[in-house]
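Trainee: Below is the structure I would like to discuss, written out as structure tokens.
Any read-out appearing in this document is the output of simple, stated calculations on the displayed coordinates, not a laboratory observation. If you're wondering where the values come from, they're calculated on a predicted model, not measured in any experiment. Every residue, glycine as well, gets a Cβ built from its backbone with ideal geometry; the counts of neighbours run over all protein chains shown.
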Amino acid sequence: MAPSGNKQDKLEALFNIYDVDGDGRINKNDLKYVLELVTIRPKTEDEKKGITKSKKGKTEEELEEEDRLLAEEKDKNWDDYIRTIINRIMFESSSHPMSTSLSAEDFSKAISESRIDFQEKMNMEFEHV
């Protein structure tokens, strides 16, 4: 990602980051893994405040269980959301509509179509020590 690096080298490096299993294609599991690393389910306002819907007549254990079940439901909804994103990426970016993975060429085309200039944007400055 050095400023002197060329666009193709940067695309290959980025592709290799997403190709988690190293099989030369980016599949749904690769994307899921990367997305799980870089995203987190946003907490609801109640979760941020530690508020349980109804505390009336409930033991501490019951409240904890209620919070756990609610968090599980929110996590499942988040997983469904991530799956939807992955399916859309595959549908829009794959050269074949029924494909479950992206080739390096598919990936390169998708990145190029995003109109992001990776040659300039994907640079890392290095301190000279």
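Trainee: Hey, does the range 49-66 have a residue that's in contact (Cβ under 8 Å) with a residue 40 or more places away in the chain, hydroxyl-bearing (Ser, Thr, Tyr), assigned to a loop (DSSP other than H, G, I, E, B) and in contact with a helix residue (DSSP H, G or I) (Cβ under 9 Å, 6 or more places away or on another chain)?
Mentor: Pass one, the range 49-66, residues in contact (Cβ under 8 Å) with a residue 40 or more places away in the chain: none.
Checking the range 49-66: not a single residue is in contact (Cβ under 8 Å) with a residue 40 or more places away in the chain, hydroxyl-bearing (Ser, Thr, Tyr), assigned to a loop (DSSP other than H, G, I, E, B) and in contact with a helix residue (DSSP H, G or I) (Cβ under 9 Å, 6 or more places away or on another chain).
Trainee: Next up: Output the residues belonging to the range 17-48 that are more than 22 Å from His96 (Cα to Cα) and not in a helix (DSSP H, G or I). Please lay out each step first, then the result.
Mentor: Of the range 17-48, the ones more than 22 Å from His96 (Cα to Cα) are 17, 33-48.
Residues satisfying the conditions are Thr39, Ile40, Arg41, Pro42, Lys43, Thr44.
Trainee: Any residue at all in the range 68-79 that is under 30 Å from Ser112 (Cα atoms) and free of Cβ contacts under 8 Å to residues at least 60 places away in the same chain? Full working, then the answer.
Mentor: Kept after step one, since they are under 30 Å from Ser112 (Cα atoms), are these residues of the range 68-79: 78-79.
With the extra rule that they be free of Cβ contacts under 8 Å to residues at least 60 places away in the same chain, the set shrinks to 78-79.
Checking the range 68-79: at least one residue is under 30 Å from Ser112 (Cα atoms) and free of Cβ contacts under 8 Å to residues at least 60 places away in the same chain.
Trainee: If you don't mind, another one. Just to verify a result, which residue in the range 65-95, among those that are farther than 23 Å from Glu105 by Cα and aliphatic (A, V, I, L, M), is surrounded by the fewest Cβ atoms within 10 Å (Cβ to Cβ)? Give the steps one after another, and end with the answer.
Mentor: Step one: list which residues in the range 65-95 are farther than 23 Å from Glu105 by Cα, which gives 65-82.
Filter again for aliphatic (A, V, I, L, M), leaving 69-71, 82.
Numbers: Leu69: 10, Leu70: 15, Ala71: 14, Ile82: 16.
Filtering first and then ranking leaves Leu69.
Trainee: Six or more apart or on different chains, Cβ atoms under 7 Å: show the pairs whose first residue is in the range 6-21 and within 21 Å of Leu35 (Cβ to Cβ) and whose second is of a type in the set (Lys, Arg) and surrounded by 12 or more Cβ atoms within 10 Å (Cβ to Cβ).
Mentor: Asp19/Arg25
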